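Since the structure comes first, as structure tokens, the remarks are kept for the end.
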Amino acid sequence: MISIKTLGQFIIEKQADFPYAKGELSRLLRDIGIAAKIVNREVNKAGLVDILGSIGDSTNVFGENQKKLDVFADEQFIAALKDGGECCFVASEEQEEGILLTDTGVSKDAKYIVCIDPLDGSSNIDVNVSVGTIFSIYRRISPLGESLTEQDLLQNGLKQVAAGYIIYGSSTMLVYTTGKGVNGFTLDPSIGEFCLSNPNMKIPSSGKIYSINEGNYSKFPNGIKQYIKYCQEEDVASNRPYTSRYIGSMVADIHRNLLMGGIFIYPQTAGQPYGKLRLMYECNPIAFIIEQAGGKASTGTERILEIEPQELHQRVPAIVGSSEMVDKVLEFIAQS
Ligand code: AHG
Ligand code: MN
Ligand code: MN
């Protein structure tokens, strides 16, 4: 008989690392895992049913056309967090205002705040390319019974108590950290469970892959342009030229680079002075995971996890991946 460890078993075992834990964070992670399985089911049959395509003229807070699965995933995660009773506030990419859950009875005493990108890489759904979900969990600061304030909702990334992503790919995986390393679980569809497949994940200190949307090259800052040229140069000693891989789903690009070593860059451009990616539910959780795996995450001038957020939907430039590769980019930026 093969011995497997399910996500549920693993979460309960790890609760012992937090001596005063009452199981609330464990239940929250379990709730997210359940919603992920439901979203996975829909993503996998996206080609079969009329769930593909956009919902009429529905657009999200950024004026981007929302796909039906964005809406579905958003609803599923919010419903799971609401019913689970451990989350007091959800900030979602798909909702302009966050959602306060404390006025529903079951979440009255909930201690956690969740920031979520319910479906990352949604432009890839129609073409059968991997998509994901990214989440970040904070503990509320205001005492129970008092109203939440900006101090609760806009905490820096170092205050995350857990973060993770789900990749709906050739297999579906959930990867998460609570600040004690990174563990990956693969969904076994035959038993409907996430099973521990990648314990204690570490990103190689260097790699051969660089991931950036080079179509925007002419609008990149000089340091980034110079780094791209550096990646393309021939140099046997440093294993160059590197290989370019860019999927357009951050989760998928990050997951591949986490396993193989590499760097992911979404810089500021002439038209987007803060880049495209969102701090609270894309960059912070990914930065927490990558740092926990031994890598680095910077905006080019600042460690992502140290940024003091100003608003829920704030964008920041992102340079994330193998530590030596991130250091090299920072050298080019400093000299430019
Ligand atoms: P989302 O689907 O949640 O809006 O995120 C898409 C993001 C990210 O996943 C990806 O890396 C990036 O946008 C791709 O943007 P470009 O098409 O501009 O390269
Ligand atoms: Mn996204
Ligand atoms: Mn999204």
* Of ASN216, ASN40, ASN198, which is the most mobile in a GNM of the chain whose springs link Cα atoms less than 10 angstrom apart? -> ASN216
* List every residue whose amide H lies under 5 Å from the amide H of THR172, counting only residues 5 or more places away in sequence or on a different chain, with H placed 1.01 Å from N in the peptide plane. => LEU187
* **Cα-projected label distance for GLU96 with ASP109, points at 7 Å along beta-carbon direction, nm** => 3.6 nm
* Between their Cα atoms, which of LYS14/LYS202; LYS159/LYS180; LYS180/LYS296; LYS111/LYS202; LYS5/LYS82; LYS68/LYS219 are more than 21 Å away from each other? -> LYS111/LYS202; LYS5/LYS82; LYS68/LYS219
* **Peptides ranked, highest mean first, by Cβ atoms within 10 Å: ranges 247-259, 132-144, 93-105, 179-191** => 247-259, 132-144, 179-191, 93-105
* **For segment 292-317 and segment 187-234, distance of Cα centres in Å** => 17 Å
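Have a look at the DSSP beta bridges in segment 209-335 and tell me what percent are antiparallel, nearest 5.
Details: 10 of 15 bridges.
Looking only at bridges with both residues in segment 209-335, the antiparallel portion is about 65 percent.
Please compute one quarter of the surface area of the Cα convex hull for segment 7-198 and express it in square nanometres.
Averaged projected hull area, Cα only: 11.4 nm².
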* Asked: What are the aspartates and glutamates whose alpha-carbon lies under 15 Å from the alpha-carbon of LYS225, with same-chain residues fewer than 8 places away excluded?
  -> GLU214, GLU233, GLU331
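Expressed as a whole percent, how much of the Cα-Cα distance distribution for segment 209-335 exceeds 18 Å?
48 percent
Test of understanding: what is the full-extension gain from SER171 to ASN216, defined as 0.36 nm times their sequence separation minus their Cα-Cα distance?
Length gained between SER171 and ASN216: 13.1 nm.
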* Structure fact -> Spelling it out for ALA293: with amide H atoms placed in the peptide plane at 1.01 Å from N, the residues 5 or more places away or on another chain with amide H under 5 Å from its amide H are none
* Each residue of segment 296-308 in order: what ³J(HN,Hα) in whole Hz does its phi give by Karplus 6.51 cos²θ - 1.76 cosθ + 1.60, θ = phi - 60°, with x for Gly and Pro? -> 9, 8, 9, 8, x, 10, 8, 5, 4, 5, 8, 5, 8
* Asked: By DSSP, what percent of the beta bridges with both residues in the chain are antiparallel, rounded to the nearest 5?
  -> 80 percent
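Hey, any idea what % of the chain's accessible area is carbon plus sulfur with a 1.4 Å probe?
Looking at the chain in its full context, I get 49 percent from C and S.
What Kirkwood radius, in Å to one decimal, follows from the Cα pairs of the chain?
Final number for the Kirkwood radius of the chain is 20.3 Å.
The values are calculated or read from the model by the stated rules, or taken from the named source; none is laboratory data. Computed from a predicted structure; not experimentally measured. For neighbour counting, all protein chains shown are included, and Cβ atoms are generated from backbone atoms with ideal geometry for every residue, glycine included. Side chains included, ligands, DNA and RNA excluded: accessible areas come from the protein's heavy atoms. Shrake-Rupley method; radii C 1.70, N 1.55, O 1.52, S 1.80 Å.
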